[in-house]
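Read-outs: derived from the displayed coordinates by stated rules, not from any lab. Given the structure is predicted, the values throughout are model-derived calculations rather than measurements. So basically every Cβ, Gly included, is an ideal-geometry build from the backbone, and we count neighbours across all protein chains shown.
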Amino acid sequence: FKGISISTKDAFNTFFADYIGRKWAPSNCSYEEFAEKFQGEDKVIYKPVGLSGGEGIRAISLDDMKKAYDEISNLEDGIVESFIIQHPEMAKLSKNSVNTIRVVSIMTHNKKHGIETDKVHILYAGMRMGRGDGILDNLHAGGLIAGIDLDTGIIDTDGVDYDNNIYVNHPDTQTRIKGFKIPYFDEMKEMIKKAGLVCEGYFGWDVAITENGPILIEANTSPGAGILQIPYAQEKKGMKYLVEKYL
């Protein structure tokens, strides 16, 4: 699978079908396909194919299936997915957004780097949390981020927003952030190590935790290294020491 492009959401869902754990369809599918695919669902998520940072994503009720289909048909090309129900523990961080883990990994066939090849190396991870009534957990949408200890799956920093405000407790749920243990964390790491073998490179994976385990939301080919370092800024500690041997 060397050379596969995962730069668009539909391609990602196709190549990583074993790990996404939800139904999906292109937004330009027929009404019959749409209705059959999402029968029994309460709502769906629409995502424009070419945008990033959560831009253009919206939740659409399926109370009226035809009305929902017509609304989606008038939007730019994208994909439609089942609405994800996160693990109850994860909902303690923020109830309205699906709180996702950004996991950064690298895999290479290039032996000149002096690292073990044909193996996925997880570099670091951050816990992203939404705020308010929004459905997004992105920092650009007002969310928070905190660092995660890769060995234990326990959040090891306070939460920080894009303006560098620090939060000991989540401002909406009052859940203490540092010390929060993420369920299915070991299973999540194993999933990344398998999914990362599909195509070599440096990726930022977005992972949701459901009651049945971890699922992939998407992968970013240019994950924002600066954002993942924000929780450690108060310690004046960056991530260079983690990535330097892979450069």
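Within the range 146-241, the GluC sites (Glu not before Pro) that combine a DSSP coil assignment with at most 12 other C-beta atoms in a 10 angstrom radius are Glu211. Near Ile217, the amide H atoms lying under 5 Å from its own belong to Asp206, Val207, Ala208; only residues 5 or more places off or on other chains count, and H is placed 1.01 Å from N. Computed from Cα positions, the angle between helix 185-195 and the longest principal axis of the chain comes to roughly 80 degrees. Charged side chains reduced to their Cβ positions (Lys and Arg at +1, Asp and Glu at -1) give the range 74-138 a dipole of some 380 debye around its Cα centre. A cut-off of 5 Å between modelled amide H atoms, ignoring neighbours fewer than 5 places along the same chain, links Ile115 with no other residue.
Our estimate of slack between Glu244 and Asp186, defined as 0.36 nm per intervening residue step minus the Cα-Cα distance, is 18.4 nm. Among Leu242, Ala225, Ile209, whose Cα lies farthest out toward the positive end of the dipole of the range 202-247, if unit charges sit on the beta carbon of Lys, Arg (+1) and Asp, Glu (-1)? It is Leu242, whose Cα lies furthest towards the positive end. For the range 120-211, the set of trypsin sites (Lys or Arg not before Pro) satisfying both a DSSP loop assignment and a count of at most 14 other C-beta atoms within 10 Å is empty.
About the centre of its Cα atoms, the chain shows a dipole size close to 860 debye [charges on the beta carbon of Lys, Arg (+1) and Asp, Glu (-1) only; nearest 20 debye].
Scan around Arg58 for amide H atoms under 5 Å from its own, H built in the peptide plane at 1.01 Å from N, and keep only partners 5 or more places away or cross-chain. Amide H neighbours of Arg58: Tyr46.
PRE reach from Asp118 (point 7 Å along Cα→Cβ): which of the range 189-203 fall under 14 Å by backbone N? Counting backbone N atoms under 14 Å from the label point, the list is 197-198, 200. Here the dipole of the range 197-247 is about 340 debye; that uses its Cα centre as origin and unit charges on the Cβ of Lys and Arg (positive) and Asp and Glu (negative).
Among the GluC sites (Glu not before Pro) in the range 58-135, those placed in a DSSP loop whose Cβ has at most 14 other Cβ atoms within 10 Å are Glu76, Glu116. If R0 equals 22 Å, the separation of the Cβ atoms of Asn96 and Asn165 corresponds to a calculated FRET efficiency of about 0.65.
Over the residues of the chain, the helix contribution to mean residue ellipticity at 222 nm works out to -5000 deg cm²/dmol, using -39500 (n - 2.57) for each DSSP H run of at least 4.
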